[in-house]
1. Looking at this structure, is Thr618 modelled with pLDDT under 90 and either open to solvent by less than 30 Å² (accessible area, probe 1.4 Å) or of a type in the set (Ser, Thr, Tyr) (or both)?
2. So, in the range 115-167, exactly how many residues are over 14 Å from Leu194 (Cα atoms) and not hydrophobic (A, V, I, L, M, F, W, C)?
3. Among (1) part of a strand (DSSP E or B); (2) under 23 Å from Leu814 (Cα atoms), which single condition is Ser703 missing?
4. Of all the strands (runs of 3 or more DSSP E) wholly in the range 30-108, which have at least 2 residues that are open to solvent by 10 Å² or more (accessible area, probe 1.4 Å)?
5. Looking only at the range 437-446, filter to residues that are within 19 Å of Ser394 (Cα to Cα) and assigned to a helix (DSSP H, G or I); which one of those is least open to solvent (accessible area, probe 1.4 Å)?
6. Here is a list: Arg780, Arg810, Arg770. Which entry is closer than 28 Å to Gln690 by Cβ and at pLDDT below 90?
7. Please work out which one of (1) of a type outside the set (Gly, Ala, Ser); (2) open to solvent by less than 50 Å² (accessible area, probe 1.4 Å); (3) without any contact (Cβ under 8 Å) to a residue 40 or more places away in the chain is the condition Glu787 fails and give its number.
8. Sort out which residues of the range 181-197 are open to solvent by 30 Å² or more (accessible area, probe 1.4 Å), out of contact with any strand residue (DSSP E or B) (no Cβ under 7 Å at 6 or more places or on another chain), touching a residue at least 60 places away in the same chain (Cβ under 8 Å) and not acidic (Asp, Glu), and write them in order of number.
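The values are calculated or read from the model by the stated rules, or taken from the named source; none is laboratory data. From a predicted model like this one, the values you see are computed outputs, not experimental measurements. Using ideal geometry, Cβ is built from the backbone for each residue, glycine included, and neighbour counts are taken over all protein chains shown. The accessibility values were calculated without ligands, DNA or RNA, using every heavy atom of the protein model including side chains. Shrake-Rupley method; radii C 1.70, N 1.55, O 1.52, S 1.80 Å.
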Amino acid sequence: MVKSMSERRSLPVIALRNTVIFPGLRLPISVGRSLSVHAIEEASGTDQLIFAVAQKKNEDTLSIENLFDMGVVARIVHVQHGQNSLQVLLEGHERGKALEYRHGGDRIEATVMTVNDIPVLRPDEPVFVALLKETRERAVELGKKRGVPEHLLARILEQVKSPGVLADVIAAYLEIGVEDKQALLETTNVENRLRRVLVHVQRLLAEFDAQQKIQSDVQEELGSKQREMFLRQQMKAIQKELGEDREADDVEELRERLAKLDLPKEARAETDRELARLERAGRDSVESQVIRNYLEWISELPWNKRSDDNLDLKRAAEILEEDHYGLSEVKDRVLEFLAIRQLRAKKTAESKDDELQSPAVKDVKKAKARALAKGPILLFVGPPGVGKTSIVKSIARALNREYVRIALGGARDEADIRGHRRTYVGAMPGRIVQGLKQAGKQNPVFLLDEIDKLGVSYQGNPASALMEVLDPAQNDSFTDHYLNVPFNLSEVLFVATANFIENIPSPLLDRMEVVEFSGYTEREKAEIAKRYLVPRQLEEAGLSGEQVAFSDEALLAIISSYTRESGVRQLERRIASVTRKVARKLAADEPTDKAITPESVRLMLGRPKVRPERANETDDIGVATGLYYTPAGGDIMFVEASIRRLHEMRLSDNSAHSNGWGNVSLILTGQLGDVMKESARAAMTYAAMQAKNLFIPEDKLGSIEAHIHVPAGAIPKDGPSAGVAIATALASAMAGIPVRKDVAMTGEITLRGRVLPIGGVKEKVLGALRAGIKKVILPRENEADLEDLPKEARDALEFICVDNLDDVFRIALLSENYFPTNVGPLGSDRPPITH
């Protein structure tokens, strides 16, 4: 019977969480929220009817906004009072729609309008009959697969005659979400509701079939593994009977290897625990392989295995001198290190104190080794090819220690240093521990090559991990993430190399002792070539000294015309090229001269590949010679200045520009950096302010345009040390006074004309020497740097140390008139110092 949709009533509301009730079905619920409890009590006292509606969101707080509009008018069948809640059995009566929700004191009430189903227009139509039949059959199939007895399913479905009730019954038992069930409740068209129910049933059947297949596959796999395990147990028994049982032997062998190690307390406890786990784990399990790899690493590390240091200073000095020419500062530092160790070892061996006699110290040798710990951590800084890496090998040979090298260039992962934790697949120790395993000793010479080229990524900063490695106060208990036990690195002699010290973080740099490597002079390069490079390349080319002989002039020709570097790598490649060409001629029985001369070098290597700057041949106006330094070495550069008058305006001495100049425009070219541009502006200001002292003709005064250019415009240039050369070029161009061709200069300047110190003095001076310069002007505060220069450079050059630009102008400008006394802002009370 179809009821009218105009029937309305006011009913108390009970909110359902995570469920939906359908008409004609009973639903047991637990009621604990006060608004719902009062609604049950109100309905129980009247006609037992209540409006049951689902919540949109599963929230504890009951609010009107969180309730759907469509629900079910239900009858309270039974109420049982519990300790903290009510157990209520509801029976759905009919669909209802809430036209209005309101708070009725201690409960929620709603004005509910009855909503009736829209019946099927032609229930005998074949399409609908097929839909009804398919829905029944698929529902029975789903019930059987879920374990519902077949007779119970038949009894439930036989009692249902109405298609709408059938759809509601099936929907109530479907394992679908609240939103899907609410959508079925709100579908009043019976045919559409049946179609939606059938779709849900088909989807659940497909999921059930897939789940059954997965379970079957898992059971099959488990069954095969159990069978494999059973067979392996039988194989073990057979192998044991045959005497081929190796698993227990392998574990026992590993245990014996670990027992022989002199492990610290923490490492011993960890290895014992892992051995116990290894014995419990199956041989072919993944965990067994991980534990075995870990214990193998522990057993192969050099726990308290040391090389005996050779503390013979005379032999060490001979080895260092044999392997490397020059580098006296580095050699002295190594010999100082050996001398200190020799004295400490002697003092320890003669000591009779309590520490030496305590049970913790097994023998004098161990006490001696502990006394020799805490070696220095050195940082070799210098341009490429000057011998930083190779001398570390000589240090290891002189000390009679193992040598280990790791390249840090491009390393971006902290795990490169500390290793990976064992929880990761394929975990392994860091490169520090790997290097110690490679060395086989606890006190090797450990080279950290290219430490200035470490990278940074989201995986961490390797430089931060190195701070513990290179800190003598911490590295006696270095903990690799993979080992997870402390390892003593304090006896390792760490040596790091770098090209650019500015790229090393300050906290890391603070932990290392810096030893600077400078470039070689041409004479030093020639000596290195004669002693080391030529014999090595002759041997590699299969030649002997009787077949080929390089003259000193030929080596100097290769150095000056075919290489441009601070080190000797390019030089060795050029020598190798010559020896290869000679070897080819000899192999082909072609005539060749034994002596290698500059002319034969020109024939073999072709035209000169390097065009070094040379000193000017004439004294020019507006051209000053400066000095610069790059990682490839030092050299000279020319600073050119040109002045152009803009108009003939003459300013009186009483004008704002009492120095005689009007507006000054400055043009800077040559790809100059910001610091160099600032130096040019400071030089321009000082030169303009000193116009009277420069004896500039009055007909040249007025507003001007000053153009400063530094040749080699394709090469970026920057730095403050060109300030002196820029100021001299400007002063020369303004006054029309030539600059001496044989004078080169370097130094930073201020607006008051002070000349401040700069860096790279040795490399700049060597570049000036190569270019044919006779005099070099340096800041007075760099006077102490002259002690580091080779004797060859000190004898060939004249060095003049100055305080201010007045001294520079007096020396560099070819003018007898320019000799001001105390005219500059600083005065000239301290005369220049000539060396």
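1. Details: modelled with pLDDT under 90: yes; either open to solvent by less than 30 Å² (accessible area, probe 1.4 Å) or of a type in the set (Ser, Thr, Tyr) (or both): yes.
In short, yes.
2. Qualifying residue count, the range 115-167: 17.
3. (2)
4. On the way: elements: 49-54, 70-81, 86-103.
Answer list for the range 30-108: 70-81, 86-103.
5. Of everything passing the filter in the range 437-446, Ala439 is least open to solvent (accessible area, probe 1.4 Å).
6. Working: Arg780 fails: at pLDDT below 90; Arg770 fails: closer than 28 Å to Gln690 by Cβ.
Checking each option against the conditions leaves just Arg810.
7. (2)
8. Scanning the range 181-197 gives a single hit, Arg195.
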